[in-house]
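Read the structure below first, then the notes.
The values are calculated or read from the model by the stated rules, or taken from the named source; none is laboratory data. It should be emphasised that the depicted structure is a prediction, and the values quoted were computed from it without experimental measurement. Please note: Cβ atoms are built from the backbone with ideal geometry, for glycine as well, and neighbour counts cover all protein chains shown. Ligands, DNA and RNA are excluded from the accessible area calculation, which covers all protein heavy atoms including side chains. Shrake-Rupley method; radii C 1.70, N 1.55, O 1.52, S 1.80 Å.
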Amino acid sequence: PPGRRNLIFAIKQAGVPLGGMVAALLLPSLSERIGWQGAIAASTLLFAAIAMPLLWRIPRWDDDRDPTVRLGASGLAGLSTIFASPLLTALAITGCCYAGYQFCLIAFTITMLVTELGWPLVDAGLAATAVQISGIAGRIGWSLLADRIGRGIEILVGIGLASVAFGLLTASIGPGWPPAAIVATLIGFGCCIVGWNGVYMGQTTRASGPALAGLATGGVLVFNFIGVIFAPAAFALVSKLTGSFAATYAVFAVMPLIGAAALIRALRLSPPGSTRAAGAAPD
């Protein structure tokens, strides 16, 4: 239902930072005890332990599948759906930028704290866990707000601009900062740049309508993972050139700024109701 759409997606998407929280809690300690290779092996066993029981549920969950549908018959339909709607196109750009910046925070928080601030590895893992917890809280909180006031796109813009501010603040972190202030900054950062996804998915389905929701969400997630693939690699390169992970967060703060700008432009250029994809139904 429209009044619960953002929240339901947020609960589903909370699995991502929840998994990151488990990793941040367990992997640093495991790597100290059994090496990084052993930690990866333990993760693999966890995957298998989760996946195997799910196999038994497949017949029930997939009882509505259509065996006559050809795999790959319309592989580009999702992208066509995205480009047919100004708002979905803007959401795709936003998702690429936000997801890329999110994974830069997730990937390099521990490394920054250990190498630049001299934190013990386990303490840095706990701080990274706090970032993931704040991301879960953000996903639920922002989505509740979106369902409450019905202005999800504007909330996504605000999340992006707040992420820019926290990225610039993170760039100023140094050895003289109290640990509590560092953790508080990272928690605020995570609440924003890890907390956007539930509202994002809710607004994607709203812009596409029920008939095209599968194609639209699949299409925007293509762009999300483009950001996930390339942004952390570029972040690592820039941090090597600048010699500072913290300073690189300021450089890459342009990403959420671009994402927020894309949504603002879509809202300004599109008359009311014209930002929906063809076939979309009103809320």
#### Entry: Portion, in percent, of the accessible area of the stretch 6-102 that falls on carbon or sulfur, probe 1.4 Å
70
### Message
Rounded to whole Å, give me the distance from the Cα center of the stretch 95-168 to that of the stretch 1-31.
### Response
12
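Just to confirm, what accessible area per residue do you get for the stretch 1-109 at 1.4 Å probe, in whole Å²? Let's see the in-between values first.
Values: 6810 Å² over 109 residues.
Using a 1.4 Å probe on heavy atoms only, each residue of the stretch 1-109 averages 62 Å².
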### Message
Taking θ = phi - 60°, what integer Hz values does the Karplus form 6.51 cos²θ - 1.76 cosθ + 1.60 yield along the stretch 100-116, in sequence order, with x for Gly and Pro?
### Response
x, 5, 4, 6, 5, 5, 5, 6, 10, 4, 4, 4, 4, 5, 6, 7, 9
### Task
Using only Cα atoms, tell me the angle between helix 121-149 and the longest principal axis of the chain; keep it within 0 to 90° and round to the nearest 10.
30
### Query
Pulled fully out, how much extra length does the chain show between Arg33 and Arg65, if you take 0.36 nm times their separation in residues and subtract their Cα-Cα distance?
7.0 nm
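With a 1.4 Å probe and all protein chains in place, put Asp64, Asp147, Asp123 in order of accessible area, largest first. Write down the numbers at each step before the final one.
Details: Asp64 125, Asp147 35, Asp123 75 Å².
The ranking, largest first, comes out as Asp64, Asp123, Asp147.
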### Message
Please compute the length gained on full extension between Arg148 and Arg268, using 0.36 nm multiplied by the number of residues separating them and subtracting their Cα-Cα distance.
### Response
40.9 nm
## Note on the structure
Ala165 and Ala181 label points (each 7 Å along its Cα→Cβ direction) are spaced in nm at 1.8
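Which percent of the accessible area of the stretch 205-258 is formed by carbon and sulfur heavy atoms (probe 1.4 angstrom)? Provide the component values of the computation, followed by the final result.
Values: 2000 of 2480 Å².
Summing carbon and sulfur atoms, their accessible area is 81 percent of the total for the stretch 205-258.
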### Message
Using +1 at the C-beta of Lys and Arg and -1 at the C-beta of Asp and Glu, which of Ala234, Ile11, Trp119 has the Cα lying farthest in the positive direction of the dipole of the chain?
### Response
Ile11
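Dipole of the stretch 53-154, Cα-centred, from +1 at each Lys and Arg C-beta and -1 at each Asp and Glu C-beta, to the nearest 20 debye?
Numbers: 7 positive and 8 negative charges, 37 e Å.
Charge dipole of the stretch 53-154: 180 debye, to the nearest 20.
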### Mean-position separation - Cα centroids, the stretch 176-205 and the stretch 220-270, in angstrom
15
### Query
When the helix-only estimate is applied to the chain (DSSP H runs of n ≥ 4, each -39,500 (n - 2.57), divided by the residue count), what is the mean residue ellipticity at 222 nm, nearest 500 deg cm²/dmol?
-26500 deg cm²/dmol
